[in-house]
1. I'd like to verify a number: residues in region A:81-114 that are assigned to a loop (DSSP other than H, G, I, E, B), of a type in the set (A, V, I, L, M, F, W, C) and either more than 14 Å from chain B (Cβ to nearest Cβ) or under 17 Å from B:VAL38 (Cβ atoms) (or both), how many?
2. Report the residue count in region B:67-79 for those that are under 28 Å from B:ILE21 (Cα atoms), among the hydrophobic types (A, V, I, L, M, F, W, C) and either within 10 Å of chain A (Cβ to nearest Cβ) or loosely packed, with under 15 Cβ neighbours inside 10 Å (or both).
3. What's the total number of residues in region B:10-66 that are within 14 Å of chain A (Cβ to nearest Cβ), among the charged types (D, E, K, R) and either assigned to a helix (DSSP H, G or I) or out of contact with any Lys or Arg (no Cβ under 7 Å at 6 or more places or on another chain) (or both)?
4. It is to be established whether one or more residues within region A:143-155 are over 26 Å from A:ALA18 (Cα atoms), small (Gly, Ala, Ser) and either surrounded by fewer than 15 Cβ atoms within 10 Å (Cβ to Cβ) or at pLDDT 95 or above (or both).
5. Restricting to region A:109-149, what's the tally of residues that are more than 17 Å from A:SER215 (Cα to Cα), in contact (Cβ under 8 Å) with a residue 60 or more places away in the chain and among the β-branched types (Val, Ile, Thr)?
6. Out of region A:44-66, which residues are among the hydrophobic types (A, V, I, L, M, F, W, C), more than 14 Å from every other protein chain (Cβ to nearest Cβ) and crowded, with 22+ Cβ neighbours inside 10 Å?
7. Scan region A:179-192 and give yes if some residue there is more than 16 Å from the chain's Cα centre (by Cα) and not in a loop (DSSP other than H, G, I, E, B), otherwise no.
Amino acid sequence: MKSAVIVFPGSNCDRDCAVAIERSTGYPAQMVWHTETKLDDRLDMVVLPGGFSYGDYLRCGAMASLSPVMAEVKRLADRGVAIVGICNGFQVLCEAGMLPGALLRNAGLKYVCKAVTLDIVNGQTRFTSAYGTQREAVMTVGNGEGNYFADDATLDRLEGEGRVVFRYRDNPNGSSRGIAGIINGAGNVLGIMPHPDRAFEADLGSADGAKLFQSVAGSALQPA
Amino acid sequence: MKVRVEVFLKPGVLDVQGKAIEAALGGLGFSGVSDVRVGRIITLDIAGDDRAKAEAEAKSMADRLLANAVIESYRVEVA
């Protein structure tokens, strides 16, 4: 599997993501600086990591969504490549219009950093197939603006189309309908607020995040 | 031309900063305060002297970057 981790100025989980991908799947990831104007067409997965791209100026993810590399990320997404936005990466995908909704300031106003239990609402996506019959996953959240918001019609559509992939068991930030992760209509773009990249081996408290990357690897390695 | 763009969370979108400020104002003894909303003001200078053009341009900026239409509304004022 070929994957890339995009590095924006202010990203701080880029290396975590690269290590998580390699340890989870056995395949190394390349790091790509945000000014890059060409992404490898053979990529199977592009990860937008967590952090504080552009210092969260204006709105979280707003500046990064306009980075030169994002035109390429969109191009690959249109070709069906798996795109994973984690935390700030989720915010970037929303700001880029690649996923519906937005991430607001946490309802409790506090930055939350803790392990959370997620319900795997849809286990049949490219990002969850490796979970098999497992219906919950433990990962860590670390966000101040992780409060997922969309209007009711959008939320109904997401739920009706099976696009809510992960849901918090105990909502830590006020997210609408407890949503922790969603996919786009085509099913190849995932935004997730908790960090699979901080939960890829037991020493980290949970290895459940590894299966997310393994799911993508599994679909990538199937013969076409 | 001096242009001022006000960006606020849409009505119905929970403004947690506004809520916290409202509670703090109550704590300071200001009673009867409600509906505190926190927004953002962006000022900029647009070259030329065509008001309509400056306003249209600022609106386009707000649509594309300064405001996020999912959660925010905006108002443009040309000085």
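The values are calculated or read from the model by the stated rules, or taken from the named source; none is laboratory data. What you see is a predicted model, and the numbers here were worked out from it, not measured in a lab. With ideal geometry, Cβ positions are generated from the backbone for all residues, glycine too; neighbour counts draw on all protein chains shown.
1. 4
2. 4
3. Qualifying residue count, region B:10-66: 7.
4. The answer is yes; a qualifying residue exists.
5. So the count comes out to 3.
6. A:MET45, A:VAL46, A:VAL47, A:LEU48
7. The answer is no, given that none of the residues of region A:179-192 is more than 16 Å from the chain's Cα centre (by Cα) and not in a loop (DSSP other than H, G, I, E, B).
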